[in-house]
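Derivation of every value follows stated rules applied to the coordinates shown; laboratory data play no part. From a predicted model like this one, the values you see are computed outputs, not experimental measurements. All Cβ positions, glycine included, derive from the backbone under ideal geometry; neighbour counts span all protein chains shown.
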Amino acid sequence: MPTRHASFAEFYPYYLTQHENLLCRRAHFLGSSSAIAALTQYVASMNPWWIAMALVSGYGGAWIGHFFYEKNRPASFARPVYSFMGDWVMYWQMLTGKLSW
C-alpha cells in the first residue's frame, strides 16, 4: 500500500524520487507540452476532440516515461490529484531551469 502524504508539500519530494530518470522527465515534459498545445487548439476550435487529445498526450507521455525509462508505477495510480499537481510543478521547474531535464 502506498505511503499516505498529509499535504502536497509532503508529497512533492516523494514525487521527485519517482522521476529521477532524465528520459522519464523529458517524456513528461513533452507530454505536458503537447497537452498545452491540444488545449490551445481546443480553445481556438471548440472541438472537444482536442480535450481528449490533451488527456492522451499528457498521460501518455508520463506513462511512457514511467513504464519504459523509470521502470516504476506512475504516482497518478495512487494519488491522482497530487500527481497532477506534481506534474505541473515539475513542468514549471524544468521550464524555468530549477530542475534538469
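Miscellaneous remarks
- Separation between Cα centres of the stretch 70-91 and the stretch 19-33, rounded to whole Å: 11 Å
- For LEU22 and ASN47, the FRET efficiency from 1/(1 + (r/R0)^6), where r spans their Cβ atoms and R0 equals 35 Å, is about 0.50.
- For SER100, net neighbour charge (Lys/Arg +1, Asp/Glu -1) across residues whose Cβ lies under 14 Å away: +2
- Approximate spin-label separation PHE8-MET85, in nm, with each point projected 7 Å along Cα-to-Cβ: 0.4 nm
- Cα gyration tensor of the chain - equivalent ellipsoid semi-axes, whole Å, descending: 23, 15, 13
- In the chain, the calculated helix contribution to ellipticity at 222 nm averages -22000 deg cm²/dmol per residue, counting -39,500 (n - 2.57) for every DSSP H run with n ≥ 4.
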